[in-house]
Amino acid sequence: MAEKVQKSMAKFLAREAEEEIDLTLPKHLEWIEESEGAGKRTVVIEPMVAFKIIKHAREQYPNTVNGQVVGLEVRGGTLEVTNCFPVPAQFRNETEETNYQLEMMNYLQEVNMESNLIGWYFSTKNGRFMQRSYLDMQVAYQESSTNKAIVLVHDVARTKNGAFSLRAFQLTDKFLELIKQKKQKKQDQQPSDDAGFSIEDEDINTEDILKSKLSFNNIYEEIPVSIKNLSLMKVLMYEMEKQQCENAKPTNWMEPGAEGAKDNKNVRTAIEEGGFGSKFDTLALKPINSLQEQLGMMTECIDQYIQDANSWMYWKRGTAKEMSKRQAYIARKRQERNAVRVASGQEPLPVPSINSPLDLSTLEEDEKKEVEKMFKLQKEPGRLNSVLNMAQLHIMTKQTTQITGPSIARLYAVKSFDTSE
Amino acid sequence: MALNLNLPKFSVSTVNSVKKNKEVERAHQVYLNPSVPFSVIDHYLRRNDKQDRVIGTLLGTRSEEGKVVEIKSCFPVPHFETDSHVEVDMEYHRIFYNTLKKVNPNEEIVGWYATGSKIGKHAPLIQEFYALEALPHDSVHMIMDTGLEGESLNIQMFSGIYFGAVGQPDGVFFSPLKYEFSYPKAERKVLELVAMSKGDVSTSPKDESGFPNGNGSVVPLITDMEQLEQAIQDLLEMVRRVNGYVKRVIDGTSTPDIVVGKYLMEMLSCVPRIDPENFEALFQGHLQNLLMVVYLSNLVRAQVNISNRLLWVV
């Protein structure tokens, strides 16, 4: 019975973790739904790449690391990552970094490895990767010749506490388009030879976000990752397991030749099936430290979110105040002028009503200039960071559910174990 | 520039002169990171046409006295060999090593690998070279039968022992070394994933156009939940099996085994006995905590969704 409960509970939570909270969308917002359905592209990595990334990340832990991945694109949108190499954390300048990359590529080519750069990787902790620096980097990668560049995110903390975590992302076309427009605009405003414009936070405001239909869940697009297993590697796996089983004989009770060696076989296969001896790691009722950290980070994000919201509200209020000032000014001005016009027998100009917002386009040219000069509007605070922050929050809440789900299942497992005895 | 190792007289004499002053520390125990054989396989699969052996450098760390060696990574080195002579691209080896050092200054050269079922004909020459590189320590030689000539990969480790007259290039003999795989936690998880597909005998799944899919199979990454589900299922299976065995013994259909019995006794005595009331309290407390966390995080997620939609209203 308990087992049943635990199973259905587990299923429920697993589903919960995968799904969005479902609110039926109004018609004009249906694009949100559409943009969430990712294409059928996949990323296939070789085990060697996984090992290399893990090793690099572990050796520099708790610092985060990054490196580059090479591979090839197969028909049907599959990206095969066949190799990767780490990038040292400290380079004195950019030329040095470029030189290092070129050198590496040459070396790989010389031993028949693919030398086709298809993206980069970095390590992170507890799913923290919605950050400006990473975003900028990915923009740079996807804007270069290979616009299919991917970024692999390896989560060190999650790998430590759960399953191996490696996710692949790509920026959506929508976001790239927006960035492109913004850059173009910037270049038009201040033409210079330097093509390397970077997009600042304040460049993207609410209007842009509305126009480009950007939201927190369509900046990045996640691509499913699989691991490739070659036949020779399968042989290797068998041999590693064999060797481990031989080493794993802890006591002499399993020595062949002992009485009832035939029945020993039962136990022995059981141990062999244990594989690398860690499959049952996940069953351990470990303290959920990661959850604590996760919640701490979530609080941080929420604080950040509130701060963003407040500064936006502040700006909104300030703008509204200036607007009403403008309106009052225009109304007064017009009334004065109307008095003159009526006296000279002309049609009176319309006086803007206090109740409806002021529309600048209805004003005459000189009036417009005047109010703009007298009542300056502040620039809207940039929205990109807050959108990223929201994306981060969203990811973290999802992850919390993903972490707690197994924990609850584990609890029920222990309960059923305890009662069944 | 490829340095021809066919006439390495000077290098041998250097090794020997150094050895005279100080005995080279010999490795006793070798730990092998699983990524190394995977890299070797990759290198082997990418070998040149008509080349049947590949070699490369092993990198890793040593304990202070050099008795324990841990091989952590490796990189391929181009080489060319015929029956009578061998060329190793030493420049490539040196430059690549220096480049890698920028990322990971702690790793040093601990030896070299080659593929094949037995130690190659030119191994002594190459060993001389790596012995020089690895000074003042010993260099380890790993061979892997990637061609499956012996029907197994048969990874073997050797350390070189020098004998014979000074300047005699084949004055080295390879003595087998014990080695073990080291399984850091994160690597183990990848291995488990890979292991999930190893039972697949249908080696080449075909894509739509009928091309063999790189003669391997592909495993998607799994979530924590799936991993747990699998572990629980495996555990249940094991319990069932033991249960069956015990039942059979009780029924008398199967001969009892004292060793197994003792082991089971030991197992059962490990199970802690918690008083039910206490357990219930602990269980409920923990469960409530977790559910609270889930609730709160769902709340936050709902908020995020709402604020996203609100953007359209403003």
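The values are calculated or read from the model by the stated rules, or taken from the named source; none is laboratory data. Since the model is a prediction, treat every value here as computed from it, not as a measurement. Neighbour counts are summed over all protein chains in view; Cβ atoms, including those assigned to glycine, are modelled from backbone coordinates with ideal geometry. What goes into the accessible areas is simple: the full protein's heavy atoms, side chains included, and nothing from ligands, DNA or RNA. Shrake-Rupley method; radii C 1.70, N 1.55, O 1.52, S 1.80 Å.
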> Mind checking whether some residue in the stretch A:129-151 is surrounded by 15 or more Cβ atoms within 10 Å (Cβ to Cβ), under 13 Å from the mean Cα position of the chain (by Cα) and among the basic types (Lys, Arg)?
Replying inline: no
>> Suppose we filter the stretch A:204-240 for residues that are part of a helix (DSSP H, G or I), among the β-branched types (Val, Ile, Thr) and under 22 Å from the mean Cα position of the chain (by Cα); how many remain?
In response: 2
> What is the one condition in (1) of a type in the set (S, T, N, Q); (2) within 30 Å of A:CYS301 (Cβ to Cβ); (3) more than 9 Å from every other protein chain (Cβ to nearest Cβ) that B:THR253 does not satisfy?
Replying inline: (2)
>> Given the options B:GLU81, B:GLU25, B:GLU64, B:GLU70, name the one that is surrounded by fewer than 22 Cβ atoms within 10 Å (Cβ to Cβ) and at pLDDT 85 or above.
In response: B:GLU70
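Looking at the structure I just gave you, is A:THR319 closer than 30 Å to B:GLN227 by Cα, at pLDDT 75 or above, within 14 Å of chain B (Cβ to nearest Cβ) and in a helix (DSSP H, G or I)?
In short, no.
Here's the yes/no breakdown for (1) in contact with a His (Cβ under 7 Å, 6 or more places away or on another chain); (2) under 26 Å from A:ARG167 (Cβ atoms); (3) at pLDDT below 85:
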{"position": "A:GLU73", "(1), (2), (3)": "no, yes, yes"}
{"position": "A:THR82", "(1), (2), (3)": "no, yes, no"}
{"position": "A:PRO88", "(1), (2), (3)": "no, yes, yes"}
{"position": "A:GLU94", "(1), (2), (3)": "no, no, yes"}
{"position": "A:ASN106", "(1), (2), (3)": "no, no, yes"}
{"position": "A:GLN109", "(1), (2), (3)": "no, no, yes"}
{"position": "A:GLU114", "(1), (2), (3)": "no, yes, yes"}
{"position": "A:ARG128", "(1), (2), (3)": "no, yes, yes"}
> Only one of these conditions is not met by A:TYR107: (1) touching a residue at least 12 places away in the same chain (Cβ under 8 Å); (2) of a type in the set (Ser, Thr, Tyr); (3) within 9 Å of another protein chain (Cβ to nearest Cβ). Which number is it?
Replying inline: (1)
>> Looking at the stretch B:208-216, can you tell me whether even one residue there is open to solvent by 20 Å² or more (accessible area, probe 1.4 Å), of a type in the set (Ser, Thr, Tyr) and at pLDDT 75 or above?
In response: no
>> Can you tell me which condition B:GLU229 does not meet? The list is (1) facing another protein chain (nearest Cβ under 9 Å); (2) at pLDDT 75 or above; (3) surrounded by fewer than 14 Cβ atoms within 10 Å (Cβ to Cβ), and all the others hold.
In response: (3)
> When you go through (1) surrounded by 15 or more Cβ atoms within 10 Å (Cβ to Cβ); (2) within 41 Å of the chain's Cα centre (by Cα) one by one for B:PHE279, which number turns out not to apply?
Replying inline: (2)
> Restricting attention to the stretch B:90-112, which residues are within 11 Å of another protein chain (Cβ to nearest Cβ) and surrounded by 20 or more Cβ atoms within 10 Å (Cβ to Cβ)?
Replying inline: B:TYR92, B:HIS93, B:PHE96, B:LEU100
> Of the residues A:SER420, A:SER361, A:SER356, which single one is modelled with pLDDT under 75 and within 28 Å of A:ALA309 (Cα to Cα)?
Replying inline: A:SER356
> Would you say B:TYR44 is over 20 Å from A:GLU103 (Cα atoms) and hydroxyl-bearing (Ser, Thr, Tyr)?
Replying inline: yes
> How about the stretch B:297-314: which of its residues are within 8 Å of chain A (Cβ to nearest Cβ) and either open to solvent by less than 80 Å² (accessible area, probe 1.4 Å) or closer than 25 Å to A:THR401 by Cβ (or both)?
Replying inline: B:SER297, B:ASN298, B:VAL300, B:ARG301, B:ALA302, B:VAL304, B:ASN305, B:SER307, B:ASN308, B:ARG309, B:LEU311, B:TRP312
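Would you be able to say whether some residue in the stretch B:75-89 is away from chain A (no Cβ under 12 Å), farther than 16 Å from A:TYR107 by Cα, touching a Phe, Trp or Tyr at 6+ places or on another chain (Cβ under 6 Å) and part of a strand (DSSP E or B)?
Taking every residue of the stretch B:75-89 in turn, at least one turns out to be away from chain A (no Cβ under 12 Å), farther than 16 Å from A:TYR107 by Cα, touching a Phe, Trp or Tyr at 6+ places or on another chain (Cβ under 6 Å) and part of a strand (DSSP E or B).
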>> Out of the residues in the stretch B:131-148 meeting the condition of being open to solvent by 10 Å² or more (accessible area, probe 1.4 Å) and under 20 Å from A:SER231 (Cβ atoms), tell me which one is farthest from the other protein chains (Cβ to nearest Cβ).
In response: B:GLY147
> Cβ-Cβ below 6 Å, separation at least six or inter-chain, first residue in the stretch A:149-161 and not assigned by TED's automatic domain parsing to the domain that holds A:GLY67, second among the polar types (S, T, N, Q): which pairs?
Replying inline: none
> Looking at this structure, is A:ASN389 more than 9 Å from chain B (Cβ to nearest Cβ), part of a helix (DSSP H, G or I) and either buried (at least 24 other Cβ atoms within 10 Å of the Cβ) or modelled with pLDDT under 85 (or both)?
Replying inline: no
